[in-house]
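Scroll down for the structure; my scribbles are underneath it.
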Amino acid sequence: MAKSTESPMVEINAVSKSFGDVRAVDGVDAVIREGEFFSLLGPSGCGKTTLLRLISGFEHPDDGHIVIAGQNMDQVEPNHRPTNLVFQSYAIFPHLNVEENVAYGLKRNGVSKDEIAEQVNEMLTLVDLSGYNKRPAYALSGGQRQRVALARALIMKPKVLLLDEPLSALDRKLREQMQIELRGLQRTVGITFILVTHDQEEALTMSDRIAVMFDGNIAQLATPQELYSRPKTRRIASFIGVMNFVEGTLRKVTAKTLEVEAGPFGKVTMAPDQMPAPLEPGAVTVGIRPEMLTVLFSAKEKAEIEVTGVITNTAYFGDMTYYSVQIDGIDEDVTVSMRNTAGRRVLAVGEETRIGLGRESLIILS
Amino acid sequence: MRGAPRTFTIFVGLYLVFLYAPVLLLPIFAFNDSAIIAFPLRGFTLDWFIGLASETTLIVSVQNSLLVAIVAAVLSTCLGVLASRASARFDYPGKKPIMSFLMLPLVLPEIIVGVSLLIVLVQLGVSLNVWTVILGHVLICMPFSIAILLSAFNNMDRNLEEASLDLGANRRETFFKIILPLVMPGIISSLLISFTISLDEFIIAFFLTGTDTTLPVYIWSQLRFPSKLPGVMALGFIMLILSLILLTAGEYFRKKSARLASTETTLNKDADHG
């Protein structure tokens, strides 16, 4: 089992790329470590696919350099890079069968026939397609095509495997299964994976680290946990999961505490790490996740901070119930998620309730 | 309401009769045991077909025609591959006008093409032979080749080419191992259709042929001798059958190429759902 190390595998140094007037990638800096599962996450048109194509060599940067495994890639064509790409459309060669597709990259390396056959079988076993050697490309399902595309890329033993939205063509159930399989596969082979996706859930479940991209820039590069619990900006916070926002004022910043006027939550003292991006005193946005808010069902239940509100909508999901709650002093209804434990009732629309929270669950955003 | 379809049926019926009845005369008189092309029919004979075999000028003209058609089909397809690939894959200045000029012979009157080529060739002091006919035929076959091949190249998923490069193949290997096999049905279709066009072509061949007559020019020259007419009918019948076979085969491969492309496109659409 491979673990990501601190040694850099892909270094992206001040890379820019424009198409006509559009700056698709705008001075991006990032270091992707050896053996890690790295995701480029962002909405469509944020430049994530362009960045992937720059790493694979299908596009050349206007400015900046890309270094892979210590080697500058400025003059290196895609066929000589230590990277392999799994295309969004999978790009399975339609006139070749599974075996010929997988062996395609090996044939020119002077590898013997027996050796090729052995490696192909090994790869097909790895992606759970053993026995499909002679199956023609057109007779494969979406999930099987993807496995062939993976095997075809991995057989090249690349230093970096690039995946361009590899799961977006699959239906939900298969996608969730493939997420787990891909993660397991990455651990088995120990190769650095760089995944491009617009699906935040996919990025969170699979990655060691995620770079969130907006408008050709990396907005935040962090681990999934950090990204979810400590997003730097309001935009990142609303892109990843659900976040409630309260307009507030940052009163005082000291080395040990932050004093914030957080609308209906009142004056709150917080720890410095609750402000991921350093801000000056003034108007700020205070964020809180739905699961950090609690409906206080009985008078006996107490919380550090309490507010009252009226239920405007309920959405029952079986294991969870999502409430929309109107609270005085907050423009938009606040979302509260509650686990449906035994004996806990589901509140009706129009009911008045107390909502509780702890001050350590608040985040200050720019 | 019922009247309209009936009028339409009659119109289609008449249309088909005018279009194909003259062609039907070919097999009828090709097998008729009389030197005069007129009804009533006399009897069944294969003499006209057998007689063809002893016409040496005919044999020579068939050989010329086959040479012209094969070389013109190969040249026009090769040039068509280059033009279509360039147009489908790359952007270059003047792409649209260049492609339009290549397609122009499709609408230019052949007689104009024939006469102008003749004038130029004579001015250059080139002697007329099969090669000048080939030159003219490549010119008029090219638009057909390009039309067929361009759709074959355009329908190919560009990611396939990138995937090949990504797996370590260079551009040459990618062209021969991935691109060429995928556009092969288009290439075969282009070869067959160019061959058929060249084999039947008369006007340009008539101007540029010199002493190396092609088959259509030979047939035209035979029309002056009434006694040769049944033989011409027999010959025409053979050519009709041959053309039908070639065009059907060409169409089969063109459709196959379109089908191969369409399965790929559906897949890509799936992938684009995001």
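The values are calculated or read from the model by the stated rules, or taken from the named source; none is laboratory data. In this text, all values refer to a predicted model and were calculated from it rather than measured experimentally. Positions of Cβ are backbone-derived with ideal geometry, glycine not excepted, and every protein chain shown enters the neighbour counts. These area figures cover heavy atoms from the full protein model, side chains too; ligands, DNA and RNA do not enter into them. Shrake-Rupley method; radii C 1.70, N 1.55, O 1.52, S 1.80 Å.
What to note about this one:
- Consider the stretch A:190-213 and keep the residues that are within 8 Å of the chain's Cα centre (by Cα) and under 18 Å from A:T50 (Cβ atoms). The one that is most open to solvent (accessible area, probe 1.4 Å) is A:H198.
- Taking the listed residues B:G136, B:G94, the one that is in contact with a Leu (Cβ under 9 Å, 6 or more places away or on another chain) and either within 14 Å of another protein chain (Cβ to nearest Cβ) or open to solvent by less than 50 Å² (accessible area, probe 1.4 Å) (or both) is B:G136, with no other qualifying.
- Of all residues in the stretch A:142-152 being buried (at least 20 other Cβ atoms within 10 Å of the Cβ), farther than 15 Å from A:R187 by Cα and under 22 Å from the mean Cα position of the chain (by Cα), the one that is nearest to the other protein chains (Cβ to nearest Cβ): A:A149
- For the stretch A:344-365, the set of residues classified as open to solvent by less than 70 Å² (accessible area, probe 1.4 Å), outside any strand (DSSP E or B) and either closer than 26 Å to A:L227 by Cα or free of Cβ contacts under 8 Å to residues at least 12 places away in the same chain (or both) consists of A:G358, A:S361, A:L362, listed by residue number.
- Residue count, the stretch A:62-92 (criterion: at positive phi and surrounded by fewer than 20 Cβ atoms within 10 Å (Cβ to Cβ)): 3
- Condition broken by B:D33, with the remaining ones in (1) in contact with a strand residue (DSSP E or B) (Cβ under 8 Å, 6 or more places away or on another chain); (2) at pLDDT 90 or above satisfied: (2)
- Pick from the stretch A:263-309, criterion touching a residue at least 40 places away in the same chain (Cβ under 8 Å) and among the charged types (D, E, K, R), ranking: surrounded by the fewest Cβ atoms within 10 Å (Cβ to Cβ): A:K302
- Residues in the stretch A:68-92 that are out of contact with any Leu (no Cβ under 8 Å at 6 or more places or on another chain), farther than 17 Å from A:V31 by Cα and either within 14 Å of chain B (Cβ to nearest Cβ) or aromatic (F, W, Y) (or both): A:V76, A:H80, A:R81, A:F87, A:Q88.
- Residues that are at pLDDT below 85 and not in a helix (DSSP H, G or I) do occur in the stretch B:225-242, at least one of them.
- Being assigned to a helix (DSSP H, G or I), open to solvent by less than 30 Å² (accessible area, probe 1.4 Å) and away from chain B (no Cβ under 11 Å) is true of A:M123.
- Subset tally (residues that are part of a strand (DSSP E or B), away from chain B (no Cβ under 14 Å) and of a type in the set (A, V, I, L, M)) for the stretch A:19-67: 10
- Sole exception among (1) open to solvent by 50 Å² or more (accessible area, probe 1.4 Å); (2) closer than 28 Å to B:I134 by Cβ; (3) in contact with an Asp or Glu (Cβ under 9 Å, 6 or more places away or on another chain) for B:C78, by number: (3)
- The stretch A:107-120, subset open to solvent by less than 70 Å² (accessible area, probe 1.4 Å) and in a helix (DSSP H, G or I), residue farthest from the other protein chains (Cβ to nearest Cβ): A:A117
- Residue check, B:P185 assigned to a helix (DSSP H, G or I), without any contact (Cβ under 8 Å) to a residue 40 or more places away in the chain and surrounded by fewer than 24 Cβ atoms within 10 Å (Cβ to Cβ): no
- For the stretch A:196-230, the set of residues classified as out of contact with any Ser or Thr (no Cβ under 9 Å at 6 or more places or on another chain) and assigned to a loop (DSSP other than H, G, I, E, B) consists of A:D215, A:R230, listed by residue number.
- All positions within the stretch A:153-180 that are more than 20 Å from the chain's Cα centre (by Cα) and facing another protein chain (nearest Cβ under 10 Å): A:A153, A:I155, A:M156, A:P158
- Any hit, the stretch B:105-112, residues being open to solvent by 50 Å² or more (accessible area, probe 1.4 Å), in contact with a helix residue (DSSP H, G or I) (Cβ under 9 Å, 6 or more places away or on another chain), under 22 Å from B:G186 (Cβ atoms) and in a helix (DSSP H, G or I): yes
- Among residues of the stretch B:156-172 being in a helix (DSSP H, G or I) and either hydroxyl-bearing (S, T, Y) or facing chain A (nearest Cβ under 7 Å) (or both), the one that is farthest from the chain's Cα centre (by Cα) is B:D166.
- Candidates are the residues of the stretch A:93-106 that are more than 8 Å from chain B (Cβ to nearest Cβ) and assigned to a loop (DSSP other than H, G, I, E, B); the one that is surrounded by the most Cβ atoms within 10 Å (Cβ to Cβ) is A:L106.
- Screening the stretch B:188-218 for residues that are β-branched (V, I, T), open to solvent by 10 Å² or more (accessible area, probe 1.4 Å) and assigned to a loop (DSSP other than H, G, I, E, B) and picking the one that is nearest to B:A152 (Cα to Cα) gives B:T213.
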